[in-house]
Amino acid sequence: MTPNVRGWSVAALAALLWAGCGSDPPLGAQIGMQAPLGNLCPDASPPPAQCGQSPLALTRDVVLLRAGDGFVLAGLDGHKVRWGQLSSTGTLSGETAFDLPVDELPATRAGQDPLGPLLAITSKVTPGDQLVVVMGVLQQNTTDHYEIHALTYDLGSQSATSDQILGVQAAAANSGAIRLKVGSSPDGTRAIVLWGVEGQLAPIRYQMLGADGVLVGGQGKLNDNPGNPNAIPLWTCLDTTQNAPDLGVTWVESPNPQHPLQSAWHRFEMDDDGSTGTETIIYMKYDVSDCRIVSTPTGGGYLLAWQNNASNGGTYFANLTAPPPDAGSGTDEDVNMRPLLASASYGGYAQMPKLEWIAPAGYDLTIGLARSDGPRVARFDSYADPMGKTLYLPSTAGNTGPVSAWVGADAVYLTYLDMPGPSTGVDAAVPAGSQRFVVTVLSPATMH
């Protein structure tokens, strides 16, 4: 059930108007670095090598994975995986491409997303020098059992160094969606694979992987209650967070008899040995739709933002602050939760920019929003008052692809493809004249 939200604060409504304001207030965030990658030739006939091409940079949908002091850029082009190492200054190196094994292609369940391929990294010699490709593959002679495959590739190699089957997930015709997720530790040395079925009284399973696909620790379970399986909370929106300083696993607990009007966001810190660390819980006054939810740790807690598709819904945030060190035992965390943007001002939820990240900015916060005409950054204080003008990130022609972002302690790093013509689908050819941007967004504690 979605709580009845009767109105918005004046501050939240005013935030909707900042994008069209004049030049009086300063920008709420700044661009620290802007590096184009892989410009297409105006004439598509010459081979890419003659144009200084990077096929990886011109892949439509890629992920940006933190690997020590740099990153790994990885994406899928049909059944071909492309990846390489990206420095924090925007230099791409070691670009590698390989085809997925034809006998291990990911399965697709009717009406659901394909079960992979999903991409993570591990470390053999240097951070992020191995790519992990994870897929749910239909088990032979079955129609409802899916093997979780994890293949590991060295940078520069087209053959897998290992091929592990981590487990089998069964599904019935009336079961919830199978969820398969991966993540990597920020230092680029460990990968984690998680899987489970929404809407079932069953735990989330996970396996940590090291170099060459070696299993680290045994297969673990999250959201488990061995003594009373009926007390396992129902969950949705399974995901991982790679933001500094650690790897985390998150999910949203559906309303239950103990909290009939509230969802709850859970986060577990994951150690390199596969064990779980601290659990953080934030009870949400407003439901989350389409799993549009992002989070990041702060110096003293967590920032959480999500979107809701109710007729009076929009974008919300929560800021959890831990008690001070001198607080007495039993002191609870402080949670500030407010609406930021109303979807009605965009013509409804379907037209609302997609939430991509949330980041701290001193005592303020910034959120990243993606539209087809380019990403933008908006800044708010803890009362949801807008702080400065919206920052529009570079787009030459106003047609951009999916955004992948990593929130660090000093900046937000992100990448997206800028195209001269409208996007016509993930399988369509990238138009000539496209280029990929790598951008850092700075959000100083105080604005000038």
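Summing Lys, Arg as +1 and Asp, Glu as -1, what charge do residues with Cβ under 14 Å from the Cβ of residue 374 carry, residue 374 excluded? It works out to a net charge of +1.
If R0 equals 35 Å, the separation of the Cβ atoms of residue 392 and residue 69 corresponds to a calculated FRET efficiency of about 0.75.
Available extension along the chain between residue 221 and residue 159 is 19.2 nm, counting 0.36 nm per residue and deducting the alpha carbon span. Be a star and scan segment 177-203 for residues whose amide nitrogen sits under 19 Å from the point 7 Å along the Cα-to-Cβ vector of residue 279. Taking a point 7 Å out along Cα→Cβ of residue 279, the residues of segment 177-203 whose backbone N falls under 19 Å are 194-203.
In straight-distance terms, cross-link reach from residue 221 covers every one of the lysines whose alpha-carbon lies under 21 Å from its own, apart from those fewer than eight places away in the same chain; here that gives 181.
The residues neighbouring residue 153, those whose beta-carbon lies less than 12 Å from its own, together hold a net charge of -3 under the Lys/Arg +1, Asp/Glu -1 convention. Gain on full extension, evaluated as 0.36 nm per residue between residue 271 and residue 126 minus their Cα-Cα distance, stands at 50.3 nm. For the chain, the relative contact order comes to 17 percent (Cα pairs under 8 Å, sequence separation of at least 6).
Computed over neighbours whose Cβ is under 15 Å from that of residue 445, the net charge equals -2, Lys and Arg +1, Asp and Glu -1. Note on the chain: helix-only mean residue ellipticity at 222 nm, from DSSP H runs of 4+ residues weighted -39500 (n - 2.57) and normalised by residue number, equals -500 deg cm²/dmol.
Under 29 Å of direct C-alpha separation, and excluding same-chain neighbours fewer than eight residues apart, residue 389 reaches these lysines: 285, 354. Here's the picture: a label point sits 7 Å out from the Cα of residue 234 along the beta-carbon direction, and within segment 258-289 the residues with their amide nitrogen under 19 Å of it are 258-266, 283-289. When the chain is treated as a GNM with alpha-carbon contacts under 10 Å, the residue of 29, 170, 359 showing the greatest mean-square fluctuation is 170.
Taken together, the values in this text are just the output of simple stated rules run on the coordinates, not laboratory data. Because the structure is a prediction, the values reported are computed rather than measured. For neighbour counting, all protein chains shown are included, and Cβ atoms are generated from backbone atoms with ideal geometry for every residue, glycine included.
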